[in-house]
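Participant: Next up is a structure, given as structure tokens.
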Amino acid sequence: MAEFDLVIRNGTVVTASDTTKCEVGIKDGRIVALAERLDPGAPTLDAGGRLVMPGGIDSHVHIDQYSGDDTVMADDFRSGTVSAACGGNTTVIPFALQVKGGSLRAAVQDYHAKAEGKCLIDYGFHLIVSDPSESVLGQELPALVQDGYTSFKVFMTYDDLKLNDRELLETFDVARNEGALVMVHAEGYDAIKFLTERLERAGRTDPYHHAESRPIPVEREATHRAISFAEIVDVPIMIVHVSSADAIEQIRWAQSRGLKVYGETCTQYLTLTADDLKGLNMEGAKYVCSPPPRDLESQKACWNGLQTGVFQVFSSDHCPFRFDTPAGKKRHGERTAFKWVPNGIPGVEVRMPILFSEGVGKGRITLQEFVAMTSTNHARLYGLAPRKGSIAVGADADIVIWDPEKKVTITQDIMHHGADYTPYEGFEVIGWPETVLVRGTKVVHKGEVVGTPGHGRFLKRDLSPFARPRGVRPTEYGA
Ligand code: DUC
Ligand code: ZN
Ligand code: ZN
């Protein structure tokens, strides 16, 4: 029997810790050897002049997620994972959303049915807990964590999703007892509601006012409240999609006190500003997401958060809606009030190229940091390591072969997502994924999709070692 199914040769292998010249031997979907020279007779993939990196893991994407009766998300699991693969990713972790009044277990079954047979790359699910009833907290959630859904998101805003303070504390407490990692959407509901109604009374309802309805103090206050609740319950948390210096300051403050508070920022907070929401004829709706893009100073602060380790992960918060359709962002008119515009923008395909180009290419971060922030840290935080997120013997052969010199202008016509626009239209990058392997199988080759939907497998995840409160021994969580 052949020793290798494939050997990647002539490339520069980059991990979160090293850059080395070596060959990568793959057998049965896993990396089985790393050496200067492997069997010259084995089938070869030439990576000359390219970087060989762990495939991207985007741990914050929304795919085919229920968004209200008259709103349709633009990606199903086929287009969403094709788009992700074309952007250099080999794993995504979307959400299984509990609808208020519904069962969490039923939600998980629903999202499995949506994903089954459609995914090009591997996937897990975070849970979204919107209704922490006694049976959800007492039975469903603990059982689901044990079944491999080891992280869940809670919202401090949105009519249909928000938890009140008591519910947040109760839900954090279950996370603590079960060893799950809680992701927190930190924006304060009442402040947003108050500001939105005041803006409406003043007739200020264009998309731009979306940003004014959730200004930086709204994020700062909620971030601080989430951190305080985490301290009270003694549970680690992840503050997702952080957009401003003030929120970063809260996280840094918590970290400096020894609290296990982790942070994530996203592509839009490095590249967009609230001015993008100003377009005429609802064009600004294309940029409506929450928290909203802010200003150049906030972008700088987010870069600093990445550089100084306040943020461990860089995600897309891919949440695609079509623009020009009644079920999408433009809704039914030229002047729909911002509060009816679905929140979220597409971005899973450009997350890695933009961070590479703006980060590594412009000397803001190292190659090692790039790999850590786009892959390795996601795997470690969300219970996928050591199987995912590294190029190491025994790991899944989830690899992106990256052309560091390729110049690309991002435009809608080269995107594979289901949205009818990209918020990054015209953005120029240097560096692009060329070939993507998922468990040793090419799913994208020389920029073309060559994999089969259905190749992607569901990933049951381990408990996150990062979810353990300080002073609790690994054995107490079964790790
Ligand atoms: N905000 C969210 O909270 N989720 C998805 C997209 C967005 O803008
Ligand atoms: Zn969110
Ligand atoms: Zn999100």
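Participant: Name the one entry in THR20, THR12 that is without any contact (Cβ under 8 Å) to a residue 40 or more places away in the chain, hydroxyl-bearing (Ser, Thr, Tyr) and more than 30 Å from ILE239 (Cβ to Cβ).
Facilitator: The conditions single out THR20.
Participant: Just a yes or no: is a residue in region 66-86 touching a helix residue (DSSP H, G or I) at 6+ places or on another chain (Cβ under 8 Å) and under 20 Å from GLN268 (Cβ atoms)?
Facilitator: yes
Participant: Here is a list: GLY361, GLY333. Which entry is more than 15 Å from ligand 3 (Cβ to nearest atom), modelled with pLDDT of 95 or more and farther than 28 Å from ASP246 by Cβ?
Facilitator: From the options GLY361, GLY333, the qualifying one is GLY361.
Participant: Please specify each residue of region 311-352 satisfying the condition of being surrounded by 24 or more Cβ atoms within 10 Å (Cβ to Cβ) and touching a Phe, Trp or Tyr at 6+ places or on another chain (Cβ under 6 Å).
Facilitator: If the condition is that a residue be surrounded by 24 or more Cβ atoms within 10 Å (Cβ to Cβ) and touching a Phe, Trp or Tyr at 6+ places or on another chain (Cβ under 6 Å), then LYS329, VAL350 are the ones that fit.
Participant: From the list LYS162, LYS153, which one is within 16 Å of ligand 1 (Cβ to nearest atom), out of contact with any Asp or Glu (no Cβ under 8 Å at 6 or more places or on another chain), of a type outside the set (Asp, Glu) and within 23 Å of ARG461 (Cα to Cα)?
Facilitator: Being within 16 Å of ligand 1 (Cβ to nearest atom), out of contact with any Asp or Glu (no Cβ under 8 Å at 6 or more places or on another chain), of a type outside the set (Asp, Glu) and within 23 Å of ARG461 (Cα to Cα) holds for just one of LYS162, LYS153, which is LYS153.
Participant: Is region 413-425 home to any residue that is part of a loop (DSSP other than H, G, I, E, B), small (Gly, Ala, Ser) and surrounded by fewer than 21 Cβ atoms within 10 Å (Cβ to Cβ)?
Facilitator: no
Participant: Just name the residue that is farthest from ALA202 (Cα to Cα) out of those in region 332-391 that are among the hydroxyl-bearing types (Ser, Thr, Tyr) and in a loop (DSSP other than H, G, I, E, B).
Facilitator: The selected residue is SER390.
Participant: Which ones in region 35-86 are more than 16 Å from ligand 1 (Cβ to nearest atom) and in a strand (DSSP E or B)?
Facilitator: Residues satisfying the conditions are ALA35, THR44, LEU45, ASP46, LEU51, VAL52, MET53, PRO54, GLY56, ILE57.
Participant: Moving to a separate point now. Return the total of residues in region 183-207 being farther than 14 Å from ALA222 by Cβ, aliphatic (A, V, I, L, M) and crowded, with 18+ Cβ neighbours inside 10 Å.
Facilitator: Final tally of qualifying residues: 1.
Participant: What about VAL154, is it of a type in the set (Val, Ile, Thr), more than 17 Å from ASP317 (Cβ to Cβ) and within 16 Å of ligand 3 (Cβ to nearest atom)?
Facilitator: No.
Participant: From the set of residues in region 318-366 that are small (Gly, Ala, Ser) and more than 26 Å from LYS193 (Cβ to Cβ), which is farthest from the chain's Cα centre (by Cα)?
Facilitator: My answer is GLY363.
Participant: For region 302-321, enumerate the residues that are touching a strand residue (DSSP E or B) at 6+ places or on another chain (Cβ under 8 Å), on the phi > 0 side of the Ramachandran plot and away from ligand 2 (no atom under 16 Å from the Cβ).
Facilitator: Selection gives nothing.
Participant: For region 172-182, what are the residues that are of a type outside the set (Val, Ile, Thr) and either crowded, with 18+ Cβ neighbours inside 10 Å or within 12 Å of ligand 1 (Cβ to nearest atom) (or both)?
Facilitator: Passing the criteria: PHE172, ALA175, ARG176, GLU178, GLY179, ALA180, LEU181.
Participant: Which one is nearest to ligand 2 (Cβ to nearest atom) among residues in region 239-260 that are of a type in the set (A, V, I, L, M, F, W, C) and within 17 Å of the chain's Cα centre (by Cα)?
Facilitator: The extreme case among them is VAL240.
Participant: Output the residues belonging to region 440-465 that are modelled with pLDDT under 95 and more than 25 Å from ARG78 (Cα to Cα).
Facilitator: Hit for region 440-465 is PRO465, nothing else.
Participant: Could you tell me whether LEU127 is modelled with pLDDT of 95 or more and away from ligand 3 (no atom under 16 Å from the Cβ)?
Facilitator: No; evaluated as a whole, the condition is false for this residue.
Participant: Mind checking which helices (runs of 4 or more DSSP H) fall wholly inside region 220-319 and carry at least 1 residues that are within 30 Å of VAL72 (Cβ to Cβ)?
Facilitator: Because the criterion is at least 1 residues that are within 30 Å of VAL72 (Cβ to Cβ), the helices (runs of 4 or more DSSP H) in region 220-319 that meet it are 268-271.
Participant: Among the candidates VAL261, VAL218, VAL242, which residue alone is within 16 Å of ligand 3 (Cβ to nearest atom) and either aliphatic (A, V, I, L, M) or farther than 22 Å from HIS318 by Cα (or both)?
Facilitator: VAL242
Participant: Step by step: first the residues of region 276-298, then only those that are surrounded by 22 or more Cβ atoms within 10 Å (Cβ to Cβ) and away from ligand 3 (no atom under 16 Å from the Cβ), then the one that is farthest from GLU425 (Cα to Cα). Which residue is that?
Facilitator: Here the answer is SER298.
The values are calculated or read from the model by the stated rules, or taken from the named source; none is laboratory data. What you see is a predicted model; the values in this text were computed from it and never measured. So basically every Cβ, Gly included, is an ideal-geometry build from the backbone, and we count neighbours across all protein chains shown.
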